[in-house]
1. From the list A:G109, A:G130, A:G118, exactly one residue is in contact with a Ser or Thr (Cβ under 6 Å, 6 or more places away or on another chain) and within 14 Å of chain B (Cβ to nearest Cβ). Which is it?
2. Does B:A335 count as free of Cβ contacts under 8 Å to residues at least 60 places away in the same chain, small (G, A, S), out of contact with any strand residue (DSSP E or B) (no Cβ under 6 Å at 6 or more places or on another chain) and under 21 Å from B:L294 (Cβ atoms)?
3. I need the helices (runs of 4 or more DSSP H) fully contained in the range B:168-248, keeping only those with at least 3 residues that are within 14 Å of chain A (Cβ to nearest Cβ) and surrounded by 17 or more Cβ atoms within 10 Å (Cβ to Cβ).
4. Here's a check for you: in the range A:255-291, which residue that is in a helix (DSSP H, G or I) and small (G, A, S) is surrounded by the fewest Cβ atoms within 10 Å (Cβ to Cβ)?
5. Whether any residue in the range A:139-149 is within 11 Å of another protein chain (Cβ to nearest Cβ), in contact (Cβ under 8 Å) with a residue 24 or more places away in the chain and among the hydroxyl-bearing types (S, T, Y) is what I want to check.
6. Taking B:R176 as the residue in question, decide whether it is at pLDDT 95 or above, in the same structural domain as B:V269 (by TED's automatic domain parsing), more than 22 Å from the chain's Cα centre (by Cα) and under 30 Å from B:R295 (Cα atoms).
7. Only one residue in A:A158, A:A169, A:A187 is within 14 Å of A:M259 (Cβ to Cβ), in contact (Cβ under 8 Å) with a residue 40 or more places away in the chain, of a type outside the set (V, I, T) and out of contact with any Lys or Arg (no Cβ under 9 Å at 6 or more places or on another chain), so which one is that?
8. Can you confirm whether A:V194 is within 26 Å of B:E206 (Cα to Cα), of a type in the set (V, I, T) and surrounded by fewer than 17 Cβ atoms within 10 Å (Cβ to Cβ)?
Amino acid sequence: MKHLLSAGDLDRDDALAILDTAEELAQLAERPIKKLPTLRGRTVVNLFFEDSTRTRISFEAAAKRLSADVINFSAKGSSVSKGETLKDTALTLEAMGADAVVVRHPASGAPHRLAVSGWIRGSVVNAGDGTHEHPTQALLDAYTLRRRLGSLEGRRVAVVGDVLHSRVARSNVLLLHTLGVEVTLVAPPTLLPVGVQAWPCATSLDLDAVLPKSDAVMMLRVQRERMNASYFPSAREYTRRYGLDGRRLAALPDHAVVMHPGPMNRGLEISAVAADSARSAIVEQVSNGVSVRMAVLYLLLAGEEAA
Amino acid sequence: MTGDGHAPGERATAGWLLRGVRPLGGDPTDVLLRAGRIAEIGARLDPADTSGAQLLDADGLIALPGLVDLHTHLREPGREDAETVASGTLAAALGGFTAVHAMANTDPVADTAGVVEQVWRLGREAGHVDVRPVGAVTAGLGGQRLAELGAMAESAAAVRVFSDDGHCVYDAVVMRRALEYVKAFDGVIAQHAQEPRLTEDAQMNEGQLSGVLGLRGWPAVAEEAIVARDVLLAAHVGSRLHICHVSTAGSVDILRWAKAKGCDVTAEVTPHHLLLTDELAATYDPVYKVNPPLRTAEDVDALRAALADGTIDAVATDHAPHPVEDKETEWAAAAFGMLGLETALSVVIAATVETGLLDWAGVADRMSTRPARIGRVAGQGRGLEAGAPANVLLLDPVARTTVDPTGLASLSSNTPYAGRVLPGRVVATFLRGRATVLDGKQA
């Protein structure tokens with residue numbers, strides 16, 4: 001594996017290798033010295049064309065725990081209006097000898113462009129591109145689910161909310177399907193993409209019908225401004241129909257896990273009661289993110305040794 | 001009428017004797033071009049009667065009438081870094097064209113007699129093909145008030161086709177008035193059919209793939225809704241309407257219905273919509289980003305069938321040059337459009353001749369006769385008959401060429417066919433009897 005651009009690029013063995021490696025690396029966090037020398041002398045660039053402190057810090061921590069040199073390159077605001085900066089930035093990074101570029105970009109496909117353009121030789125890790133994909137988020141979600149539920153095969157996961165604009169949903173559908181999970185996307189019809197029928201998952205418009213059969217529910221962030229584009233009439237109506245509140249939390253099976261990729265809009269797609277309940281794995285998701293991203297960087301950069 | 005006259009520098013030669021050429025793919029014969037006209041067609045013309053005409057061994061070559069393009073972007077004035085009238089029309093001649101329409105979305109916009117005359121004059125000076133400027137429908141392509149359509153019609157450029165191409169004439173009242181107004185000088189409104197609200201920030205065909213790729217969709221209905229509205233409007237006011245770059249099966253159905261009703265509507269399809277599909281967007285390579293977007297294989301099939309049965313009247317390239325920096329970007333940041341002039345005939349052969357949908361006469365009809373008629377281009381599209389202006393191209397039908405973006409005459413290189421092997425090669429082009437292309441190169 002040279003790049004990680006889409007969760008769909010991973011077959012079952014690839015995905016399990018990442019999750020298993022993450023398990024091993026997670027034990028590192030228990031030790032007094034949380035560092036491995038594996039990537040000493042290698043350079044990882046966090047190239048962020050869009051603000052995401054959480055994701056950047058997670059990748060930064062992951063790279064540093066593997067002893068890589070980390071360069072944070074924030075190019076926010078210089079992207080879509082002036083597209084050539086993607087190329088120029090890439091050439092700059094290449095000149096600095098980046099072994100891996102972790103890229104977050106508001107334009108779908110930008111990491112793909114970086115990977116195939118020939119502008120850089122290093123590995124490209126997609127850290128979220130537009131409304132396309134966010135594969136490491138899906139990996140950390142799968143990792144979190146596996147830890148909580150023990151196994152993934154045959155489990156049922158509901159992904160709820162703004163699927164149309166969600167890169168998290170796309171990557172999760174692909175990865176969880178590969179891992180044998182039955183995914184159901186739940187959203188108002190306006191927030192389901194055209195052609196979703198062809199995705200390897202089920203869809204539903206009725207959250208209350210889906211919850212009692214779910215082993216986990218993953219709530220997606222909903223931007224309030226969507227209502228200005230008539231995706232839904234009001235935040236209040238959205239919450240009533242698709243928000244995870246105390247009543248809906250009680251409708252879940254006892255073992256079910258509540259997840260959210262963050263940042264949350266408390267009171268909109270998820271209530272404080274649900275977010276802070278014992279079933280919530282939201283904080284674990286964050287810590288698991290570091291382990292999973294370590295595993296990804298390790299497998300991409302350490303190459304054969306990892307196998 | 002203008003456009004029929006000899007451009008400055010167009011010297012009268014003793015003519016050309018095309019030996020053994022196959023007009024429209026028929027039996028080999030000799031064709032004599034002299035004094036700007038097809039002087040004679042005969043099985044074996046006596047060289048003694050051709051008094052000094054240059055002999056061109058056309059054995060195995062097919063003669064077609066010079067192609068007429070209703071839709072190009074020559075980018076001048078304003079974006080001479082992408083294309084000029086001279087470079088774009090040379091590309092056109094190399095592609096077998098003898099006339100091209102130049103769209104109005106230049107900078108400044110071609111919405112006054114001054115700008116259309118400038119473009120027309122640049123075309124005459126270059127001398128590769130007849131340049132027929134298209135006038136903007138609305139001032140500044142703003143969609144609000146009519147440009148001075150009559151002044152452009154009466155100018156030296158003698159504009160007959162008006163279009164806000166790149167923008168839809170969305171306001172139904174403005175569209176109605178434009179359709180009515182151009183009747184006074186036999187003009188036609190060429191509509192870029194795109195409902196603007198349904199296509200805000202749209203990046204590719206809306207379908208299964210746009211959802212997967214996370215690229216905002218450009219739904220077929222956004223085109224079809226405008227096509228439906230405008231055929232009804234045109235019928236209501238009794239005007240001529242032309243639909244640019246039809247891209248969906250649904251638009252074809254509406255056009256077929258409208259034509260059956262007797263509506264005076266014509267339509268064009270681009271070569272790329274006859275060959276390429278939205279699957280190419282999965283590469284995220286903006287060379288495949290175009291407006292309207294590449295559609296599905298079902299749409300391609302419907303467009304080919306519509307061109308074959310005449311529901312779609314013409315092939316028009318929508319030749320849209322862009323400099324490297326406007327394409328070597330993220331998909332969303334890239335400009336819309338692709339080159340077309342130098343590959344159009346080959347693509348049409350691949351899509352319609354090799355599939356048995358059109359014969360050579362059909363190709364001549366859809367790429368020369370009908371577009372010339374729609375654009376009211378005098379002296380073009382008259383076919384291959386004695387007495388007609390000698391606008392002729394010679395095609396090697398068995399040659400196959402690998403498209404090399406760096407080998408194109410266009411100043412830009414944004415061809416979607418790079419590396420593809422396409423059938424047919426334009427060997428020579430004659431504009432009123434003067435060779436503009438010989439042996440596949442500028443004459």
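1. On the way: A:G109 fails: in contact with a Ser or Thr (Cβ under 6 Å, 6 or more places away or on another chain); A:G118 fails: in contact with a Ser or Thr (Cβ under 6 Å, 6 or more places away or on another chain).
Sole residue among the options that is in contact with a Ser or Thr (Cβ under 6 Å, 6 or more places away or on another chain) and within 14 Å of chain B (Cβ to nearest Cβ): A:G130.
2. Considered against the rule, which asks whether it is free of Cβ contacts under 8 Å to residues at least 60 places away in the same chain, small (G, A, S), out of contact with any strand residue (DSSP E or B) (no Cβ under 6 Å at 6 or more places or on another chain) and under 21 Å from B:L294 (Cβ atoms), B:A335 comes out as yes.
3. By residue number, B:208-213.
4. In the first step, residues of the range A:255-291 are kept if they are in a helix (DSSP H, G or I); the result is A:272-275, A:282-291.
Then keep just the ones that are small (G, A, S); that gives A:272, A:274-275, A:287, A:289, A:291.
Numbers: A:A272: 12, A:A274: 26, A:A275: 20, A:S287: 14, A:G289: 27, A:S291: 26.
The extreme case among them is A:A272.
5. Taking the range A:139-149 as the starting set, the residues that turn out to be within 11 Å of another protein chain (Cβ to nearest Cβ) are none.
No.
6. Here the answer is yes, as B:R176 does meet what is asked.
7. Answer to the selection: A:A169.
8. Considered against the rule, which asks whether it is within 26 Å of B:E206 (Cα to Cα), of a type in the set (V, I, T) and surrounded by fewer than 17 Cβ atoms within 10 Å (Cβ to Cβ), A:V194 comes out as yes.
The values are calculated or read from the model by the stated rules, or taken from the named source; none is laboratory data. Computed from a prediction, not measured in an experiment: that's the story for all the values here. Ideal geometry is used to build each Cβ from the backbone, glycine not excepted, and the neighbour counts take in all protein chains shown.
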